[in-house]
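The values are calculated or read from the model by the stated rules, or taken from the named source; none is laboratory data. Quick caveat, the model's predicted, so the values are computed rather than measured. Cβ placement follows ideal geometry from the backbone for every residue including glycine, while neighbour counts extend to all protein chains displayed.
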Amino acid sequence: MKSTPLHILFVLSAVLFWSCNDQCKETRVTRRFSTVTLSLMELRTLVKTESPRLMEKPGKMYVKGKYLFVNEIKEGIHIIDNSNPSSPKFVSFLRIPGNGDIAVRDNILYADSYSDLVAVDITNPSSPSEVERLKNVFVSGQFEGGNWVVNESVGSITDQNVDYVTETVTVNCEENVSPNFWWGGMLVFADRAFFGSAASSSAPQSAGGSSGQAGSMSRFAIHNQFLYTVGQNNLRLFNISNPKKPVDFKNINFGWGIETIFPYQNKLFIGSATGMFIFDNSDPSNPVQLSSFQHGRACDPVVVHDDIAYVTLRTGTACAGTQNQLDLVDVSNASSPQLIKSYQMENPHGLSIDFPTLYLCEGEHGLKVFDVADKFGVDKHQLAHFKDMDAYDVISLGKTLLLIGKDGFYQYDSSNPKDLKLLSKIPVGKAI
Amino acid sequence: MRRKILFLIGLTLAGASLRAQELLDTKRKFYVNQTEFGILAGRVKYPNLYNGNQEQVDNKFSLTVQTFNGIQIDERFATGITVGMDWYKAALLNPVAVGFRYNLTKKSPVKLFATADVGYGFTWFHDDSEGFDTKGGLMINPGLGLKYGRKNGAAFTIAMTYKRQEARVNKPVLWDQTERSEERIYNRLALRLGMSF
């Protein structure tokens, strides 16, 4: 064989490959909003008890006695009998359209339903019934990044439904655009920012009457004879001295981008996009703003123990922060809170303190447990880091730890904080 | 996946070294090295986001180097391990592969040979940007080459092969996204020059 035909064969084979194209497909899951108009008249007829259903998009959680209340974002509330934490049982599903927050006093559950505050008698958890409704007390709100507003003159709610759309696009195989933090933040918006976080084994909510326990990202709090609710830029008080007959009591406008409320002793700690507000609540009917602790733009649940407030800031929230950190703030003088120290975190979400143990959710990075006795050396006293879970919110009940994440609701035996033992798990989308 | 491939490579080595023992008895040369460098030429067609999603075609050239170390099983056939480095624009990959070389012609001064490498591209030396996570993937690289040189001596080689390299990138999310990832397949014409002995 001579070399010429060889060369020809060789070149021919090359031609076959000549048209090689790189194939790069980018898959994105994007949040899409579609605007819907709902009739208030109809919404107000829809509160009812249904048979238990699966968790799909769990929101905030609330604990009262042996019952757990887990919000299904915009749909209602799962009522769960948790007398045996190793095997929680769904009791019923309380349908409340537009529900996001929960608070319980004695046998009355307070829930928001878009613009209304609904009081539900849960004496018999398997068939709760609506006992009172305060109309048009909330004017706007947000679920998963979608906004709703009430139009009182026509009696309608304009809401944005959220869908997650998966799309695949062809890209050029090299686009390496770093996400701009500002946009990144605005976007990820919902990463369930308004998702229940949970906090405080120091059980701040009680005092006078028996209430349950909410999370560090709750917008509802009960203290003495009042139910405190925060909206985007206001604090609204309801007098619940007769739990069955809540009365719209007072509205205080301040700040903006308000997210969370955490009552502690005779103070209210309010987390907003611009910082933390501290209200003196020694007269529960008349909270007075003492100070605001301003930090960067980032929102943040707050929990408090003694004179120290634990504030987390994270990126990827509605507040578009650029920091991922845990701040310890000295609030012994509530009129002038002072930073003790900042600690770098990965992506902190809800938190809960059972002094000296601090539980901190790190989103997809799991759950971290710190001993915070040494306020200047929190990072040196990390007791444990559980990575094999997705953690958004946590409530410490002393011996038990309730944790909620994207994939489900977990309960742990936390008698030894270094070694959490899984008691039970309710996976999202599955019955137990 | 990686484990399987490493296992396969191990097997090949073990097999080849056994065979080498037999070959030691004959006088034939049994160790083969072929070191090459070249370019990976390709194109990419995509809708350009910054230009009204009009379709755009870009040419792509990446540098590649690789070295094949193997055992001459018989006069035509050699097998061994190919280790290389490919500088793709957004990924630096290190393929580790089982390699085969087969002489299609025996006698002519210019020999035509077939070449094939199958393995996995690793990202050992790739440094991701903040938020990105690049993972390697399967690599196959069959083709033809010409060898100019003395029989069993040092030779100059030129090879034209098709290279397919997979990779996967997890990316930080942008506007209103909750997840973002990319499946990459590099389809390239690899043009290589090299030496073998």
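Cβ-Cβ contacts under 7 Å between residues 6 or more apart (or on different chains), taken from a first residue in region B:173-186 that is within 7 Å of chain A (Cβ to nearest Cβ) to a second residue that is surrounded by fewer than 20 Cβ atoms within 10 Å (Cβ to Cβ) and among the aromatic types (Phe, Trp, Tyr), are listed as B:LEU174/A:TRP183; B:TRP175/A:TRP183; B:THR178/A:TYR164. Checked against the criterion of being closer than 17 Å to B:VAL96 by Cα and modelled with pLDDT under 90, the candidates B:LEU6, B:LEU24, B:LEU49 yield just one match: B:LEU6. So for region B:73-80 (the condition being surrounded by 15 or more Cβ atoms within 10 Å (Cβ to Cβ), touching a helix residue (DSSP H, G or I) at 6+ places or on another chain (Cβ under 7 Å) and in contact (Cβ under 8 Å) with a residue 60 or more places away in the chain), does at least one residue qualify? Yes, region B:73-80 contains at least one residue that is surrounded by 15 or more Cβ atoms within 10 Å (Cβ to Cβ), touching a helix residue (DSSP H, G or I) at 6+ places or on another chain (Cβ under 7 Å) and in contact (Cβ under 8 Å) with a residue 60 or more places away in the chain. Of the strands (runs of 3 or more DSSP E) that lie entirely inside region A:342-415, those containing 1 or more residues that are modelled with pLDDT under 85 span A:393-396, A:400-405, A:408-413.
Looking at this structure, is A:VAL188 β-branched (Val, Ile, Thr) and at pLDDT 75 or above? For A:VAL188, the condition - β-branched (Val, Ile, Thr) and at pLDDT 75 or above - is not met.
Taking region B:187-197, which residues are more than 10 Å from every other protein chain (Cβ to nearest Cβ) and either more than 24 Å from the chain's Cα centre (by Cα) or aliphatic (A, V, I, L, M) (or both)? Selection gives B:LEU193, B:MET195. Looking only at residues in region A:10-24 that are modelled with pLDDT of 65 or more and facing chain B (nearest Cβ under 7 Å), which one is farthest from the chain's Cα centre (by Cα)? Per the stated criteria, the residue is A:PHE10. Do you know which residues across region B:120-172 are within 13 Å of another protein chain (Cβ to nearest Cβ) and among the polar types (S, T, N, Q)? Hits for region B:120-172 are B:SER129, B:THR134, B:ASN141, B:THR157, B:THR161, B:GLN165, B:ASN170. One residue stands out among those in region A:154-185 that are in a loop (DSSP other than H, G, I, E, B), at pLDDT below 90 and more than 7 Å from every other protein chain (Cβ to nearest Cβ): the one that is surrounded by the fewest Cβ atoms within 10 Å (Cβ to Cβ), which is A:VAL177. State yes or no: is B:THR105 free of Cβ contacts under 8 Å to residues at least 24 places away in the same chain and over 28 Å from B:THR178 (Cα atoms)? Considered against the rule, which asks whether it is free of Cβ contacts under 8 Å to residues at least 24 places away in the same chain and over 28 Å from B:THR178 (Cα atoms), B:THR105 comes out as yes. Of the strands (runs of 3 or more DSSP E) lying entirely inside region A:204-280, those containing at least 1 residues that are over 27 Å from A:LEU358 (Cβ atoms) and free of Cβ contacts under 8 Å to residues at least 60 places away in the same chain span A:226-230, A:234-239, A:247-253.
Right, B:THR105: of a type in the set (S, T, N, Q), assigned to a strand (DSSP E or B) and surrounded by 15 or more Cβ atoms within 10 Å (Cβ to Cβ) or not? So B:THR105 fails the test. Count of region A:115-136 residues, restricted to those that are buried (at least 17 other Cβ atoms within 10 Å of the Cβ) and over 26 Å from A:LEU68 (Cβ atoms), is 1.
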